[in-house]
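Asks: Please find one structure pasted underneath; my questions will follow.
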Amino acid sequence: MGGIDKLTEQIVKRFRDSGFDVDAKEISKRLNLLIYEFKVPESEAVRTVTNYLMKELDIDREQLAAESPLVRIADVTTPGKWVSLKAKVIQLWDATSPNISQVGLIGDETGIIKFVTWAKAEKEEVKEGKSYLFKNVVTDSFGGRMQVNVNRNSQIVEIEEDVQLPPRELEVVGALIAIQQNSGLIRRCKLCNRTMTKDICPLHGKTEGYDDLRIKGIIDDGKNFYEVILNEDNIRELTGIGLKEARKIAEEKLERSAVLAELKNRLLGRYFRVAGMRGERYLIVREVEFLKQDIRQIAGELL
Ligand SMILES: [Zn+2]
């Protein structure tokens, strides 16, 4: 009978996860009948009972959470599969469309993958650095790369476990050859942290924002280009310009873009040692420093 209990629990859970209450006793009775009386194989019995319940509740398969196996990110290789993942949020990007509520990178020990949460899914937002169970997400392929999509049948549950990331530590020594326009003293939406353009959030429209400092740039090590994002801490460490100083520059010059000009002036073309993790799109910077000392050392050795 243990088998019946397990199967019953599995069915109850699937319906409960989809927001429907079902009668465990009734399910157990039907499974018993099918399996022991009619000698129907277990999987077939589960399917039959599930179909019966869907008919009773007048719901279609779309409304029922898919049964998705817990997989590792490295195993996500084909689009169109329902899976569950335990992963840590590595980085959140700016959503490029109002249809997207969140987009970024998640990772586990085996890999890193892009995730997209559709606005329609109406999920609570995840936070960088936290680990979650991404339940019933759909694998997809976009621009030749795999990603997972969070839709309204998915669930995101924060977990205690601190999911470890793959050892993709990387050290790059190279020149900062470009800084993108949407860098410097930027404004973020108070509701969703997205970058705003002229006080307009791509998702929330005209709303309250707050200042932030960041640089999106390209480092060239002579072999590869690396897209890097420097946050306020990185920028302050390198230039002494933090948020406070940046605001001051903007006030003095009566223009926020003066901050970007100043940062370009100080950083563009300089050589850096950057340590971080290779994400799918960006090098996620943990440490960054000027290469000045090394050059002095080299120069010293030469002299
Ligand atoms: Zn917003």
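All of the numbers you see were taken from the coordinates with simple rules; none came from a lab. Quick caveat: nothing in here was measured; it's all calculated off a predicted structure. Cβ atoms come from the backbone with ideal geometry, glycine included; neighbour counts cover every protein chain shown.
Asks: Once fully extended, how much extra length lies between residue 252 and residue 157, figured as 0.36 nm per residue of separation less the alpha-carbon to alpha-carbon distance?
Replies: Going from the current span to full extension adds 29.6 nm.
Asks: Computed on alpha carbon atoms, what radius of gyration and Dmax characterise the chain, expressed in Å?
Replies: 25.5, 93
Asks: Per-residue HN-Hα couplings for segment 170-184, Karplus 6.51 cos²θ - 1.76 cosθ + 1.60 at θ = phi - 60°, whole Hz, x for Gly and Pro?
Replies: Going residue by residue, I get 9, 10, 10, 10, x, 9, 7, 9, 7, 10, 6, 4, 7, 10, x Hz, with x marking Gly and Pro.
Asks: OK, next. How much space per residue, in cubic angstrom, does the convex hull of the C-alpha atoms of segment 2-63 take up?
Replies: Cα convex hull per residue, to the nearest whole number: 72 Å³.
Asks: Ok, one more. Using the alpha carbons of segment 120-227, what is the convex hull volume per residue in cubic angstrom, as a whole number?
Replies: 168
Asks: Let me ask another. What's the angle, to the nearest 10 degrees (0 to 90), between helix 2-17's Cα axis and the longest principal axis of the chain?
Replies: 50
Asks: Taking a 32 Å limit on the Cα-Cα distance, which of the listed pairs 86/223; 13/114; 29/123 fall beyond it?
Replies: 86/223; 29/123
Asks: Enumerate the amide H contacts of residue 194 below 5 Å, restricted to partners 5 or more residues apart or on another chain; note that Pro and chain-start residues carry no placed amide H.
Replies: The list, which skips near neighbours in sequence, is 189.
Asks: Further question on the same structure: So if I take the centroid of the Cα atoms in segment 191-212 and the same for segment 241-255, what is the distance between those two points in Å?
Replies: 19
Asks: If you don't mind, another one. So for segment 1-115, Kirkwood radius off the Cα pairs, Stokes-Einstein at 37 °C and 0.692 mPa s: how many µm² s⁻¹?
Replies: Translational diffusion coefficient: 196 µm²/s.
Asks: Out of segment 133-238, which GluC sites (Glu not before Pro) are coil in DSSP terms and have no more than 15 other C-beta atoms within 10 Å?
Replies: Listed in order of number, the matching sites are 160, 161, 208.
Asks: Moving on to the next point. Running a GNM on the chain with Cα contacts under 10 Å, which residue among 88, 206, 39 ends up with the highest mean-square fluctuation?
Replies: Judging by the Gaussian network model, the answer is 39.
Asks: Still on this structure, please answer the following. Tell me, what HN-Hα J-couplings in whole Hz come from the Karplus equation 6.51 cos²θ - 1.76 cosθ + 1.60 at θ = phi - 60° for each residue of segment 230-240, using x for Gly and Pro?
Replies: 9, 8, 4, 4, 4, 5, 5, 4, 7, 10, x
Asks: Once the convex hull of the C-alpha atoms of segment 175-217 is built, how many Å³ does it hold per residue, rounded to a whole number? Write down the numbers at each step before the final one.
Replies: Numbers: hull volume 2.6 nm³, N = 43.
Enclosed volume per residue, from the Cα hull, is 61 Å³.
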